[in-house]
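Please treat every number below as a calculation from the coordinates, not as lab data. Remember, it's a predicted structure, so these values are computed and weren't measured experimentally. Heads up, the Cβs are rebuilt from the backbone with ideal geometry, glycines too, and the neighbour counts pull from every protein chain shown.
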Number of protein chains: 2
Amino acid sequence: MTDLLPSWNNGIARQAILDFVARVITENGPDFVPPADRIATFDNDGTLWCEYPMYVQAFFVFDRIKTLAAQNPHWYTQEPFASVLKGDLKAALAGEEHALMELVMATHAGMTTDEFTAIVKDWLATAKHPITQKLFTEMVYQPMLELLDYLRSHDFKTFIVSGGGVEFMRPWVERVYGIPPEQVIGSSIKTRFERREGKPVIVRLPELLFFDDKEGKPAAIQHYIGRRPIAAFGNSDGDLQMLQWTTADPGPSLGLIVRHTDGDREFAYDKSAMGSLDVALTEAPQQGWVVVDMKQDWRQIFAFES
Amino acid sequence: MTDLLPSWNNGIARQAILDFVARVITENGPDFVPPADRIATFDNDGTLWCEYPMYVQAFFVFDRIKTLAAQNPHWYTQEPFASVLKGDLKAALAGEEHALMELVMATHAGMTTDEFTAIVKDWLATAKHPITQKLFTEMVYQPMLELLDYLRSHDFKTFIVSGGGVEFMRPWVERVYGIPPEQVIGSSIKTRFERREGKPVIVRLPELLFFDDKEGKPAAIQHYIGRRPIAAFGNSDGDLQMLQWTTADPGPSLGLIVRHTDGDREFAYDKSAMGSLDVALTEAPQQGWVVVDMKQDWRQIFAFES
């Protein structure tokens, strides 16, 4: 038992995970769940990797705007691009959703899917977190990597269900989390199959297809997976409905919230520029959801600490 | 070797499948494909089960209209419902896509996803093919079941990529084809997460989300799976772009078309009310796609023959 989840301190959270898994894998037990139904869904930003001070994908957007500015000189005088190029992110986002969407489409659409994958891989190979100076792909939570492995070792199928862009995640999550591309659900834009120079390609279009957050998460789970998870993991109110949907079933289920409480080793916040943990935290005790206190429950947060 | 694909006669088609699989599983061979990349996509109607004289889902729509007419008496005087209730399907579909969509939405939307699943299961438990009088789930092609098993035994991950409704397929394809719900891609309508009597539910809305046919198939493959298949199986021009996308990659790939040539044991047609095999058949020799002649290549078509 001491080998299981080694980065988790002994405590209520770790024990709740071990107990839940023991119950659902016990054949002939009252809570046995057949392997095929052992679906576990994980939010990504703030649950599997760091989302502070800003989503990694937002850093990607801003970096790409700077890179592409040479080919788009009018951006220097056109908002929200001009503010990004001046480094004034607050002003860039003053137009809120509309401005953000313009920045996303300028950096995420117009190329083929293969081209976009290459852009993401190239960027992630060198892009660093502004505070820790670590690669973003090093800013993943070691206890959650162990949890993913532990669940899979008991025949759970692990999925990401994130508000982030699905094609932004797929190029690296298999290597980093062991989650294959077909088990990644995220927000998406429309695409079109066409021929370019005689070769079939899939082109990314500047139009939102699906926003995978809040009420969108259970709807997406049903749409992409087609069965209800028995375990769901999140860290904010964006995950509230996914947790509700997962744990409303009368069968055994586990809902878990990662709470960012460690200002020394990571960042301490319930509310950030990226979202907040409020309603889900209030509902947690009634719903029986486990709340992980990162400072108390995690012996180690990042692999690079050791 | 004789145990492999026993319902396939020895011939070019069977040999092409065996050769392809042998090449991609040979470690250190020039065409080796790692297990994780062994993605195979199958059309459903006309490729895995019978689509003649009409898609099974169309029979479902017409049966449901009749069942629901008692609660919707105005349908008796309102097209396209009135024609369906009179048994005049030709007149019912005279309005073409618009009329068909009205019939689909009247029978596929308004309920929760759990309720719709139960409706489909109940219907399939007794609904029979009008010509053979067999259950629709018995109208599956035995050689294709063997092919699915054979590919999976070599670590292929098998997906359905069908124009049919995804939630119409999921309730039965795991039992019939061994394909789990999360590996089924199809056409879909919008849904909404909400609370009914305090319980979270997902409600099906009468609005198309995605039509998974023709150019939509490769786009859907990229959207849902996130990697290019190395093998694709279809039977009509609705599968043309999926075949093109799959076999355009410079790596090893297999494209295969099931051609309906057996008027005795099944039905002989290239063109039906449901679609046609025309451009894909013309392209097949140039592209190196295998064309299965059901009459010649299949020793047995349905399990109930024996």
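Some observations on this one:
- For the options A:Arg38, A:Arg64, A:Arg23, a Gaussian network treatment of chain A with springs between C-alpha atoms closer than 10 Å singles out A:Arg23 as fluctuating the most.
- Whole-number percent relative contact order across the stretch A:1-155, with pairs defined as alpha carbons under 8 Å at least 6 apart: 29 percent
- Sorted from nearest, the other copies put their A:Lys66 label points 6.8 nm away, the label point being 7 Å from Cα in the direction of Cβ.
- For chain A, adding -39500 (n - 2.57) for each run of n ≥ 4 DSSP H residues and dividing by the number of residues yields -10500 deg cm²/dmol at 222 nm.
- Scanning residues 5 or more positions from A:Arg299 or on other chains, those with amide H under 5 Å from its amide H are A:Trp8, A:Asn9, with H placed 1.01 Å from N in the peptide plane.
- Partner aspartates and glutamates whose Cα lies under 14 Å from the Cα of B:Lys157, excluding those fewer than 8 positions away in the same chain, are identified as A:Glu182, B:Asp37, B:Asp149, B:Glu174, B:Glu182.
- Cα-based shape type of chain A, given that a ≥ b ≥ c are square roots of the gyration tensor eigenvalues and the cut on a/c is 1.5: prolate
- For B:Asn235, the residues 5 or more places off, or on other chains, whose built amide H falls under 5 Å of its own are B:Val258.
- Phi angles across the stretch B:190-200 convert, under the Karplus curve 6.51 cos²θ - 1.76 cosθ + 1.60 with θ = phi - 60°, into 3J(HN,Hα) values of 6, 9, 9, 7, 8, 10, 10, 6, x, 9, x Hz, Gly and Pro given as x.
- The relative contact order of chain A comes to 24 percent, based on Cα pairs under 8 Å that sit 6 or more residues apart.
- Of all the options B:Gly288, B:Gly87, B:Gly165, the one that moves most in a Gaussian network model of chain B with Cα springs shorter than 10 angstrom is B:Gly87.
- Remark: the stretch B:56-110 carries a charge dipole of roughly 200 debye about the Cα centre, counting +1 on each Lys and Arg Cβ and -1 on each Asp and Glu Cβ.
- Ranking A:Thr126, A:Val61, A:Thr112 by Cα position along the charge dipole of the stretch A:57-126, where only Lys, Arg, Asp and Glu carry charges on their C-beta atoms, puts A:Thr126 farthest toward the positive end.
- Values of log10 I(q)/I(0), in the order q = 0.19, 0.24 Å⁻¹, for the stretch B:234-287 under a Debye, Cα-only, solvent-free model: -0.65, -0.91
- Tensor-based shape of the stretch B:56-110 (alpha-carbon gyration tensor, a/c under 1.5 rounded, otherwise prolate or oblate): rounded
- Note on A:Lys199: aspartates and glutamates with a C-alpha under 12 Å away, same-chain residues under 8 apart excluded, are B:Asp249.
- Here A:Lys134 is the anchor, and the lysines within straight C-alpha reach of less than 26 Å, apart from those fewer than 8 places off in the same chain, are A:Lys66, A:Lys86, A:Lys90, A:Lys121, A:Lys271, A:Lys295.
- Value of relative contact order over the stretch B:56-110, rounded to a whole percent, pairs C-alpha under 8 Å and six or more apart: 33 percent
- Placing a label point 7 Å from Cα along the Cα-to-Cβ axis, A:Pro250 is separated from the same position in the other copies by 5.8 nm, shortest listed first.
- Under a Gaussian network description of chain A, with springs only between Cα atoms under 10 Å, the residue in A:Gln142, A:Gln71, A:Gln287 that fluctuates furthest is A:Gln71.
- Cβ-based exposure ranking for B:Ser272, B:Ser306, in which fewest neighbours within 10 Å come first: B:Ser306, B:Ser272
- Residues in the stretch A:32-37 carry Karplus couplings, in order, of 4, 10, x, x, 4, 8 Hz; the curve used is 6.51 cos²θ - 1.76 cosθ + 1.60 with θ = phi - 60°, and Gly or Pro positions show x.
- Calculated label separations, B:Gly288, copies of the chain, 7 Å along the beta-carbon direction, nm: 5.6
- Copy A relates to copy B by a rotation, and the A residue whose beta-carbon is nearest that axis, with the distance in whole angstrom, is A:Tyr224, 3.
- Point-charge dipole on Cβ atoms (K/R +1, D/E -1) for chain B, about Cα centre, debye to 20: 660 debye
- Student exercise, the stretch A:148-207 dipole from Lys, Arg, Asp, Glu Cβ charges, in Debye to nearest 20: 260 debye
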